[in-house]
Amino acid sequence: MSAGPPAARPPRWRRGALLVGNLSVVIPSSSGFIRTCQRLAVAIAFSLLTQAVWYIPTMIMGGVIAIREVHRDATRARTRMEPPVPSPG
């Protein structure tokens with residue numbers, strides 16, 4: 001009996017499809033009898049909500065910090081470029 005080449009691992013999308021297929025069979029028989037579509041909708045909603053909770057405040061704070069830094073750099077550049085005011089006398 002000759003051993004053939006080692007079996008290659010399936011691509012990630014196939015493993016993901018296998019996981020989704022198995023879960024679609026297991027979930028309807030889970031406790032609470034939540035249907036597959038309902039569980040999927042809840043999972044998607046939770047995922048979107050979690051990403052929004054992390055993404056939106058991070059973007060707002062990043063924008064505030066960026067605007068503050070640009071304003072601070074512009075103020076420093078302006079004060080360096082202005083010639084000193086001669087004193088009368």
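The values are calculated or read from the model by the stated rules, or taken from the named source; none is laboratory data. All figures in this text were calculated on a predicted structure; none of them were measured in a lab. With ideal geometry, Cβ positions are generated from the backbone for all residues, glycine too; neighbour counts draw on all protein chains shown.
Just to be sure before I move on: is Arg9 in a helix (DSSP H, G or I), of a type outside the set (S, T, N, Q) and either out of contact with any helix residue (DSSP H, G or I) (no Cβ under 8 Å at 6 or more places or on another chain) or at pLDDT below 85 (or both) in the structure I sent? So Arg9 fails the test. As for the stretch 32-50, it holds at least one residue that is surrounded by 10 or more Cβ atoms within 10 Å (Cβ to Cβ) and at pLDDT below 70.
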